[in-house]
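Trainee: Got a structure for you, questions after.
The values are calculated or read from the model by the stated rules, or taken from the named source; none is laboratory data. All of these numbers come straight from a predicted model, not from anything done at the bench. Reconstructed Cβ throughout: ideal geometry from the backbone, glycine too, with neighbour counts over all protein chains shown.
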Amino acid sequence: MVYDARDKYVLLFGGATSSGGVLNDTWTFVNGTWRNITPTLSPPARASGNMVYDAQDGYVLLFGGCGAAFSWSACSLYLNDTWTFEGGVWTKLSPSISPPFRVGGSMAFDGKDRYVVLFGGQISNPKGWPLKSDTWVFVGGNWTRLKLSVHPAARSFANMVYDAKDGYVVLYGGSIHDQWLNDTWRFVKGHWTSLNLTHSPPVNWGGAMAYDVKDAYVLLFAGYSTNDTWEFHGGAWAEVSPATSPPLSVLASMVYDVRAHCVVLFGGWGTSGLINYLWEYSSGNWTLGAQSSPLGPVRASPSQEGAAGT
């Protein structure tokens with residue numbers, strides 16, 4: 001899920017069903033209403049791909065994911081295709097070089113350096129599910145790998161977003177197989193730096209993160225083991241205590257809705273199964289938002305900014 005600044009709506013693509021299947025439908029969310037706009041030409045079905053609005057090139061960018069039989073720990077078909085979405089139309093690109101196939105990578109648009117950044121993820125390998133710690137940038141239709149000596153440890157499903165107030169990309173947490181992380185890194189001018197914070201959210205997995213444009217901070221909704229809410233600004237984490245909160249949801253999608261002036265959280269796996277309702281966050285408070293129809297986009301782990309828990 002991502003905000004399409006060109007077409008001025010929240011865009012959702014794909015995701016996983018309760019039976020482990022994957023979807024390739026395209027939805028918009030405008031003024032509290034979901035609309036299915038799936039075009040005839042669409043990317044193959046997938047879950048846990050990466051999707052971000054590329055403000056430099058003026059389109060939504062989609063990369064990779066799991067193309068079949070998705071679960072939290074395994075995937076039977078890894079993807080590394082690159083698609084753009086512009087003016088309601090999906091277009092497949094054919095860059096000369098692409099990142100390796102992967103699931104659960106992290107992707108964000110770097111507003112300072114004006115390119116898309118992709119980090120890490122889980123890659124296809126017959127000997128297991130190895131993790132990556134590679135960093136790629138995308139600009140002008142082309143992928144380039146950065147050769148960096150300092151970077152976060154290999155991981156999947158880390159949260160990553162551009163912090164416009166502080167002027168850098170923020171990466172938080174993720175998973176090294178069964179080990180959950182809570183470290184925080186910044187990426188600026190092509191370099192990673194560990195922030196080595198003494199106060200951080202507890203280790204968790206499958207959360208969601210977005211930049212709150214109105215209130216000028218990064219917002220984190222925890223994920224698997226808790227449903228706590230954290231704000232990151234000025235290089236520090238602070239837990240907030242809203243009067244109400246969404247229930248536990250793993251691999252939900254979260255993005256700032258510029259039209260509605262609030263952060264929206266949708267979907268994920270809850271304690272009773274898949275979630276198909278939406279929450280809105282503004283000025284420190286969560287509010288239950290739009291309810292989907294029975295045919296609405298019930299799913300977890302759609303392609304989104306950061307990681308599925310972008």
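Residue by residue, here is whether (1) aromatic (Phe, Trp, Tyr); (2) out of contact with any strand residue (DSSP E or B) (no Cβ under 6 Å at 6 or more places or on another chain) holds:
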{"position": "Thr91", "(1), (2)": "no, no"}
{"position": "Val103", "(1), (2)": "no, no"}
{"position": "Met107", "(1), (2)": "no, no"}
{"position": "Arg114", "(1), (2)": "no, yes"}
{"position": "Trp129", "(1), (2)": "yes, no"}
{"position": "Val150", "(1), (2)": "no, no"}
{"position": "Phe157", "(1), (2)": "yes, no"}
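Trainee: Say whether the condition of being assigned to a strand (DSSP E or B) and surrounded by 14 or more Cβ atoms within 10 Å (Cβ to Cβ) is met by at least one residue in region 198-205. Don't jump to the end; show me each part of the working.
Mentor: Keep residues of region 198-205 that are assigned to a strand (DSSP E or B), which gives 204.
Keeping just the survivors that are surrounded by 14 or more Cβ atoms within 10 Å (Cβ to Cβ) gives 204.
Yes: region 198-205 contains one or more residues that are assigned to a strand (DSSP E or B) and surrounded by 14 or more Cβ atoms within 10 Å (Cβ to Cβ).
Trainee: Taking the stated definitions as given, is Leu251 among the hydrophobic types (A, V, I, L, M, F, W, C), modelled with pLDDT under 95 and closer than 27 Å to Gly15 by Cα?
Mentor: Details: among the hydrophobic types (A, V, I, L, M, F, W, C): yes; modelled with pLDDT under 95: yes; closer than 27 Å to Gly15 by Cα: yes.
So Leu251 passes the test.
Trainee: Quick check: anything in region 152-171 over 17 Å from the mean Cα position of the chain (by Cα), in a loop (DSSP other than H, G, I, E, B), on the phi > 0 side of the Ramachandran plot and modelled with pLDDT of 95 or more?
Mentor: Yes, region 152-171 contains a residue that is over 17 Å from the mean Cα position of the chain (by Cα), in a loop (DSSP other than H, G, I, E, B), on the phi > 0 side of the Ramachandran plot and modelled with pLDDT of 95 or more.
Trainee: Exactly one of these conditions fails for Trp230: (1) surrounded by fewer than 23 Cβ atoms within 10 Å (Cβ to Cβ); (2) in contact with a Leu (Cβ under 6 Å, 6 or more places away or on another chain); (3) closer than 18 Å to Gly270 by Cβ. Give me its number.
Mentor: The failed condition is (3).
Trainee: Same structure, new question: Assess whether Gly120 counts as being buried (at least 16 other Cβ atoms within 10 Å of the Cβ), within 16 Å of the chain's Cα centre (by Cα) and farther than 15 Å from Asp4 by Cα.
Mentor: Numbers: buried (at least 16 other Cβ atoms within 10 Å of the Cβ): yes; within 16 Å of the chain's Cα centre (by Cα): yes; farther than 15 Å from Asp4 by Cα: yes.
For Gly120, the condition - buried (at least 16 other Cβ atoms within 10 Å of the Cβ), within 16 Å of the chain's Cα centre (by Cα) and farther than 15 Å from Asp4 by Cα - is met.
Trainee: Oh, and also: Might you let me know whether region 182-189 holds any residue that is closer than 19 Å to Tyr115 by Cα and either β-branched (Val, Ile, Thr) or part of a loop (DSSP other than H, G, I, E, B) (or both)? Step through it out loud before you land on a result.
Mentor: Filtering region 182-189 for residues closer than 19 Å to Tyr115 by Cα gives 185-189.
Keeping just the survivors that are either β-branched (Val, Ile, Thr) or part of a loop (DSSP other than H, G, I, E, B) (or both) gives 188-189.
Looking through region 182-189, at least one residue is closer than 19 Å to Tyr115 by Cα and either β-branched (Val, Ile, Thr) or part of a loop (DSSP other than H, G, I, E, B) (or both).
Trainee: Scan region 254-265 and tell me whether some residue there is surrounded by fewer than 23 Cβ atoms within 10 Å (Cβ to Cβ), in contact with a Phe, Trp or Tyr (Cβ under 6 Å, 6 or more places away or on another chain), assigned to a loop (DSSP other than H, G, I, E, B) and modelled with pLDDT of 65 or more.
Mentor: Scanning region 254-265 turns up at least one residue that is surrounded by fewer than 23 Cβ atoms within 10 Å (Cβ to Cβ), in contact with a Phe, Trp or Tyr (Cβ under 6 Å, 6 or more places away or on another chain), assigned to a loop (DSSP other than H, G, I, E, B) and modelled with pLDDT of 65 or more.
Trainee: Given the structure, is Tyr277 crowded, with 16+ Cβ neighbours inside 10 Å and at pLDDT 90 or above? Lay out the reasoning, then the answer.
Mentor: On the way: crowded, with 16+ Cβ neighbours inside 10 Å: yes; at pLDDT 90 or above: no.
No: the conditions fail for Tyr277.
Trainee: Right, here's the next one. Do you know which residues across region 233-242 are buried (at least 17 other Cβ atoms within 10 Å of the Cβ) and either in a loop (DSSP other than H, G, I, E, B) or among the aliphatic types (A, V, I, L, M) (or both)?
Mentor: Within region 233-242, no residue meets the criteria.
Trainee: When the residues of region 212-232 are narrowed to those that are assigned to a loop (DSSP other than H, G, I, E, B) and within 17 Å of the chain's Cα centre (by Cα), which ends up farthest from Trp180 (Cα to Cα)?
Mentor: Val213
Trainee: Can you run down the residue pairs with Cβ atoms below 8 Å, 6 or more apart or on separate chains, where the first is in region 34-54 and among the aliphatic types (A, V, I, L, M) and surrounded by fewer than 24 Cβ atoms within 10 Å (Cβ to Cβ) and the partner is part of a loop (DSSP other than H, G, I, E, B) and modelled with pLDDT of 95 or more?
Mentor: The qualifying pairs are Ile37/Gly88.
Trainee: Report those strands (runs of 3 or more DSSP E) wholly inside region 32-109 carrying at least 1 residues which are more than 28 Å from Val263 (Cα to Cα) and either of a type in the set (Gly, Ala, Ser) or at pLDDT below 95 (or both). If you could, list the steps in order and put the result at the bottom.
Mentor: Values: elements: 33-36, 50-54, 59-66, 78-86, 89-92.
Ranges flagged: 78-86.
Trainee: Which of (1) surrounded by 15 or more Cβ atoms within 10 Å (Cβ to Cβ); (2) more than 14 Å from the chain's Cα centre (by Cα) is the odd one out, the single condition Asn31 does not satisfy?
Mentor: Only one criterion in (1) surrounded by 15 or more Cβ atoms within 10 Å (Cβ to Cβ); (2) more than 14 Å from the chain's Cα centre (by Cα) is unmet by Asn31, namely (1).
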